[in-house]
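Down below is the structure, laid out as structure tokens.
Since every read-out is calculated from the coordinates, none of them should be taken as a lab result. Everything quoted here is computed from the prediction, not taken from an experiment. Neighbour counts run over all protein chains shown; Cβ positions are idealised from the backbone, glycine included.
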Amino acid sequence: MGHPLEIGLYGALLNKFGHDRVQFKPEATPVKERMQALQEIAGGKAKVFEGQSGMGLMETFPLGLSGTMPGSEIPWAIIALWKALKENDLIRAQKIHTCVAQLVAFQTSIDAYVAVEKYLLVKQGIFNSTRQRGPVGFTLDEVTKSQIDSVFEQLRQCVSPSI
């Protein structure tokens, strides 16, 4: 949605306000390349946070991320992924990332994102209802819920030693 900010604008913000006050969360694809350009103009000192439900962590973590801003449905999994990356346990990180990617694959639109996120929040006892305010362009059917449940259980198994 919308248009990405130009990398030069990031540089201008850094020059005006300094590295301690300016933080970034690049969303425009390709994220890795935009983050590399951002770190280049910031001399490697940019404070950058990853978003995109943890999808870019495997490739952006080595570029000097300051943190991640995950969605609310599986922050415990993103924390485990972050820890695995910090500990350079790339095998564990890849296993967690694979499950996260499979869950994110169900989120093909904003309505699907909301439906999947609410479904997982109810599943974990955080929300009481998956109800969405209309109009809604996507609802989960029983087959998709079963598939999500299967991937979610795999993710729990991957993460369980670190929770």
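Descriptive notes on the structure:
- Charge dipole of the range 1-149 about the Cα centre (unit charges at C-beta), most positive-ward option of Phe138, Phe49, Gln102: Phe49
- Using Cβ point charges alone (K and R +1, D and E -1), the dipole size of the chain about the Cα centre works out to roughly 400 debye.
- GNM result for the chain, Cα springs below 10 Å: residue of Ile79, Ile41, Ile148 fluctuating most strongly: Ile41
- Candidate aspartates and glutamates for bridging to Lys32, where Cα separation is under 19 Å - those fewer than 8 sequence places away on the same chain excluded: Glu6, Glu40, Glu50, Glu59
- Neighbour net charge for Val22 - beta-carbon separation under 14 angstrom, K R +1, D E -1: +4
- Rounded to the nearest 20 debye, the dipole magnitude of the range 72-163 is 200 debye, with +1 charges on Lys and Arg beta carbons, -1 on Asp and Glu beta carbons, and the Cα centre as origin.
- Of the GluC sites (Glu not before Pro) found in the range 73-163, those in coil by DSSP whose Cβ has at most 16 other Cβ atoms within 10 Å are Glu87.
- Structure-derived volume of the Cα convex hull per residue in Å³: which label, when the choices are (i) 149; (ii) 219; (iii) 133: (iii)
- Other residues with beta-carbon under 14 Å from the beta-carbon of Val136 carry, at +1 per Lys or Arg and -1 per Asp or Glu, a net charge of 0.
- Projecting the Cα atoms of Tyr10, Phe61, Val22 onto the charge dipole of the range 1-69, computed from C-beta unit charges around the Cα centre, puts Val22 farthest toward the positive end.
- For a straight C-alpha distance cut-off of 26 angstrom, the lysines reachable from Lys118 (same-chain residues fewer than eight places away being disregarded) are Lys25, Lys83, Lys95, Lys145.
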